[in-house]
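A short worksheet on the structure shown next.
The values are calculated or read from the model by the stated rules, or taken from the named source; none is laboratory data. Note that this is a predicted model, so its numbers are computed, not measured. Positions of Cβ are generated from backbone atoms using ideal geometry, with glycine treated the same way; all protein chains shown enter the neighbour counts. Keep in mind that these areas ignore ligands, DNA and RNA; they rest on the heavy atoms of the full protein, side chains included. Shrake-Rupley method; radii C 1.70, N 1.55, O 1.52, S 1.80 Å.
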Amino acid sequence: MEKRSKPAFKLSNWVLTSTDLSRTIREVKQLDEYFHQAKLRGKGQPTAIPKVSRAVEELAQDNGLSILEPKDRQLLLKQLDIIDKHAPVVHFSFPSEPSRSGLETIVGWLRGNINHYSLVRIGLEPTIGIGCVVRTENKIFDCSLKNRLQEKKVLLKQGIEKVSKQ
């Protein structure tokens, strides 16, 4: 297997889902708007800089950008917009809400093996029971216990009949 090149722009582990990405873009835009308004206001009463999330802080730090610099904010927004438009999104349906560490593991694998900017979209489907259903643009992988039992229905019936005859 060939070694994959390092991405030019590093996407933080705080941005795992397409919702996380949208929230981060919105936050950087709000921050940029705040600085724009402060510049228009001119000197006067100082106002507190809005608190930024850890996702924005890590994105800036990991990519050597400063959220205080207009050109860096614009570069950050441009990169996030490109990722938003072109990143592969894999949809996972789980029977209950997955843990953050579980999502980090899944996204880490996707980013290491599929695409550096892979994102996930999470859905809840209690009828799955155990496992998950994974959907891409052109494939569905049903990794649920329900599906496995359906596949082995005949074998399961034979086993039950064998046990009941004893």
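Measuring with a 1.4 angstrom probe and ignoring ligands and nucleic acids, residue 47 comes out at about 70 Å² accessible.
Each label point was placed 7 Å from the Cα along the Cα-to-Cβ direction; for residue 165 and residue 34 their separation is 7.4 nm.
Backbone amide hydrogens, once placed in the peptide plane, bring residue 144 within less than 5 Å of 132, excluding anything fewer than 5 places away on its chain.
Of all lysines in the structure, the ones whose alpha carbon falls short of 19 Å from that of residue 157, not counting any fewer than 8 places away in one chain, are 146, 165. Taken one residue at a time, the phi angles of the range 112-117 give Karplus couplings (6.51, -1.76, 1.60, θ = phi - 60°) of x, 10, 10, 7, 4, 10 Hz. Gly and Pro are set to x. For the pair the range 20-50 and the range 61-94, the centres of their Cα atoms are 17 angstrom apart.
Between the Cα long axis of helix 18-41 and the first principal axis of the chain there is an angle of about 10°, rounded to the nearest 10.
Calculate the translational D of the chain in whole µm² s⁻¹ from Stokes-Einstein, where the hydrodynamic radius comes from the Kirkwood formula applied to all Cα pairs, the temperature is 20 °C and the viscosity 1.002 mPa s.
Stokes-Einstein gives a translational diffusion coefficient of 112 µm²/s.
For the chain, modelled as a GNM whose springs connect Cα atoms under 10 angstrom apart, the maximal fluctuation among 133, 154, 56 occurs at 154. Counting only lysines at least 8 places from residue 10 when in the same chain, those with an alpha carbon closer than 25 Å to its own are 29, 51, 71, 78, 85.
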